[in-house]
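Asks: Before we start, here is the structure in question, set down as structure tokens.
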Amino acid sequence: MEQRWANTSRLTINEKQFIEEALRSEIRVDGRRLYDYRRLTIKFGREDGSSEVQLGETHVMAFVTGQLMQPYRDRPNEGTLAIFTEFSPMADPSFEPGRPGEAAIELGRVIDRGLRESRAVDMESLCVVAGKSVWAIRVDLHIIDNGGNLIDAANIAALSALSTFRRPECSVGGDDNQEIIVHDPEVRDPIPLTIHHFPIAVTFAFFHEGNTLVIDPHYKEEAVSGVRMTVTVNSNGDVCAIQKAGGEGILSGDVMRCLRIASLKASEMTTKIKAAVETYNAEVALKKVKRHPSLIAQKITVPDVEMKEASFQKTKELSADMENSPNQTSTSLTTTKDRDTNASIGRPLNWDPYSSSAPAIVSSSTLPELVGTSKDANEDQMMQTDEEYDPNLKKDQIGSATGVSSGIHKQNSPPKSLKDAVKPKHKRKKNAERGAR
Amino acid sequence: MEDRTDGRNANQLRPLGCSRNILNRAHGSARWSQGNTIVLAAVYGPKSGTKKGENPEKASFEVIWKPKTGQIGKQEREYEMILKRTLQSICLVNVHPNTTTSVIVQVVGDDGSLLPCAINASCAALVDAGIPMKHLAVSISCGLMEEGSIILDLTKSEEEKLKAFAYLVFPNSPLSVIDKVHSSKEEPIEHGIITSVSYGAMPVSGYFDCLERGRAASAAISEFLRRSLQKQSSDDASRAAQ
């Protein structure tokens, strides 16, 4: 549509010349050095297998889902992996809805080659019944904001989402041993995918007839440069894919140089991704712990009696703190998991306006089961986040205090009018503040 | 009255979250979350030209709905149409004739009340983009239980179990400097209703109950919306030129 062409943001000649001239002196538009990546942030969503990656201004979301399907006839005992890329029109005024354009297809293919054809994800473990039923993994990549270098960002998003995806456990059973039973995630823990290596895509942009090359081009640099090359390598130094589609020629010496730079960058990137995934997994494991309070109750029944009084005080303080210091509470209403405050999740979302009346309702029966929400292993973690509340609290008191407040939440249910449907104002402010960041 | 699965009572809303100005390229963007239902909306400000079937004397709107996974089907088209009509009625369409404003909605999480969440997000994104509007719109879902009681802000499991529920969109009264002299004679603006989408069969009295409850709750949501929009208005810069 011609109107769309007219509406795309085009660089002025001045901007183009400025970018090229500055690169002669190795200065980039955003102040980076030639081989620097922009700031990378990896966040995970509430469900398994959803990630959100921000590389500078570029913003990509990935969702991984799995389904049982029939395998391909020539590979009867392997699962399938499919990558779907969506260049959302919100990313760039020139992206149109509907059929994917060249760039979208190219991106999808490069990531596909890097992940699937290099056998990064183990396909044979996805087979359930050979020839009949295998897991088909589907990765949906949504480009939300185009700040340049979409391939690298989308690749990182896909890798992070695949690392945190969990598929339900299934076993073969039934009358004739042919029926497949998919177990509920609550009954049996879902299983992660087996990822052998992390193929990292590194994109280079060339200027001045191949004399200057930069890594992680900004969208303005992309518009100026004529030549781009993407190299997908892993931290072992294996080259998984190279993509150089059109543009001017590059000397083979330069290509080798790019490969060497790329393998360095790939190891850095792999450590970052693995660190982010580890943090997320640790938080998820922490949340699961509270399901087994009976294991710990015996340990703490004795000090229980002494702590009742102390814990009343602590819950009062805690609730008061939570009401008045919105920035510090761990009751997050955001879906992102990188915030420290999410770690102390012994209790459900504390948007309940009843929590201020907590101390009056705590009964001795609730204490034993809920005190168990803190295991020794977790107390360290909870210690870190609860430090903000009250540094003087001792370890086990923190555990019991947070355990108690979660019990309170469940106990209260007197009938309330519509006014109480609304969270108290200061709590909402916290959301808005959080949103302002 | 039985408790709802997440411990809320009939009139409680899920925790609301709103953040504005989150994307760099889009002219306006907002992310709205109600519990686990999260929607991201982006707006590209008035672009020249209207599509073929649209009235060139007015500004037209184009809505693109992107589901989380899967193909775009009839459900998405229906949401696009409802969203488009709703936004058209709250914006001042005579200010920029012969222009198209695009609203792109991306579903990030779906746990019930998806359309109300999307409408709220789009409204916030339009404000972020600076599109001229008559008033804001707030949207809420109301469900009718068997015994006739109303529950607000449904989750996905509640939507599936209930016999009938409705998504309602109410206008948000504009703050004005001039005191309205005729306010005693006319009905206040909140008593109007912009959009109503109902699913399932419900008796007329049940529907009116839904309207009453929804209207009362919309006051709370619009309060939240105003507060979160006002807070961030200090760091706005014009992005349309980039």
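Asks: Using a 10 Å cut-off around each Cβ, can you sort A:MET69, B:MET145 from fewest to most neighbouring Cβ atoms?
Replies: Numbers: A:MET69 14, B:MET145 18.
Listed from fewest to most nearby Cβ atoms, that is A:MET69, B:MET145.
Asks: Additional query: Kindly put B:ASP111, B:ASP128 in sequence by how many other C-beta atoms sit within 10 Å of each C-beta, fewest to most.
Replies: B:ASP111, B:ASP128
Asks: Between A:ASN281 and B:ILE193, what is the spin-label point distance in nm, taking each point 7 Å from the Cα along the Cα→C-beta axis?
Replies: Inter-label distance under the simple model: 5.1 nm.
Asks: Using the Cα centre as the reference, give the magnitude of the dipole from point charges on the C-beta atoms of region B:10-165 (Lys, Arg: +1; Asp, Glu: -1; all else neutral), rounded to the nearest 20 debye. Write down the numbers at each step before the final one.
Replies: Details: 18 positive and 15 negative charges, 123 e Å.
In total the dipole reaches around 600 debye.
Asks: Placing +1 on the Cβ of each Lys and Arg and -1 on the Cβ of each Asp and Glu in region A:144-191, which of A:ASN149, A:THR164, A:PRO190 has its Cα farthest towards the positive end of the resulting dipole?
Replies: A:ASN149
Asks: A follow-up question, please. How about region B:1-59: which trypsin sites (Lys or Arg not before Pro) there lie in a loop by DSSP and see at most 13 other Cβ atoms within 10 Å?
Replies: The qualifying sites are B:LYS51, B:LYS52.
Asks: Sticking with this one: Please compute the modelled spin-label separation between A:ARG24 and B:ASN9, points set 7 Å along Cα→Cβ, answer in nm with one decimal.
Replies: 7.4 nm
Asks: To continue, here is another question. How would you rank A:HIS183, B:HIS27, going from fewest to most other Cβ atoms within 10 Å of each one's own Cβ? Display every interim value, and only then the final one.
Replies: Details: A:HIS183 13, B:HIS27 24.
Listed from fewest to most nearby Cβ atoms, that is A:HIS183, B:HIS27.
Asks: When the label point is put 7 Å from the Cα of A:ARG73 along its Cα-to-beta-carbon vector, which residues of region A:130-163 have a backbone N closer than 17 Å?
Replies: A:131-133
Asks: Sticking with this one: Which FRET efficiency value, to the nearest 0.05, do you get for A:ARG260 and A:SER125 by plugging their Cβ-Cβ distance into 1/(1 + (r/R0)^6) with R0 = 25 Å?
Replies: Using R0 = 25 Å, I get an efficiency of 0.15.
Asks: Within 10 Å of each Cβ of B:25-33, how many other protein chain Cβ atoms are there on average?
Replies: Partner-chain Cβ atoms within 10 Å, mean over residues of B:25-33: 4.
Asks: So, one more: Among the listed pairs A:LYS244/A:LYS274; A:LYS16/A:LYS272; A:LYS43/A:LYS265; A:LYS272/B:LYS231, give every one whose C-alpha distance is greater than 31 Å.
Replies: With Cα atoms farther than 31 Å apart: A:LYS16/A:LYS272; A:LYS272/B:LYS231.
Asks: For the cross-link pairs B:LYS66/B:LYS161; B:LYS47/B:LYS68; B:LYS84/B:LYS163; B:LYS84/B:LYS134, which exceed 18 Å when the distance is taken from alpha carbon to alpha carbon? Display every interim value, and only then the final one.
Replies: Working: B:LYS66/B:LYS161 26 Å; B:LYS47/B:LYS68 27 Å; B:LYS84/B:LYS163 27 Å; B:LYS84/B:LYS134 15 Å.
Beyond 18 Å between Cα atoms: B:LYS66/B:LYS161; B:LYS47/B:LYS68; B:LYS84/B:LYS163.
Asks: Another question about this same structure. How crowded by other chains is B:61-72, given as the mean number of beta carbons from other chains within 10 Å of each beta carbon?
Replies: 4
Asks: Take every residue in peptide B:100-108, count the Cβ atoms of other chains within 10 Å of its Cβ, and give the average of those counts.
Replies: Per residue, the average neighbour count from other chains is 4.
Throughout, read-outs are computed from the coordinates displayed, never taken from laboratory work. As the structure is a computational prediction, the values presented were derived from the model and not from experiment. Backbone-built Cβ (ideal geometry, glycine too); neighbour counts: all protein chains shown.
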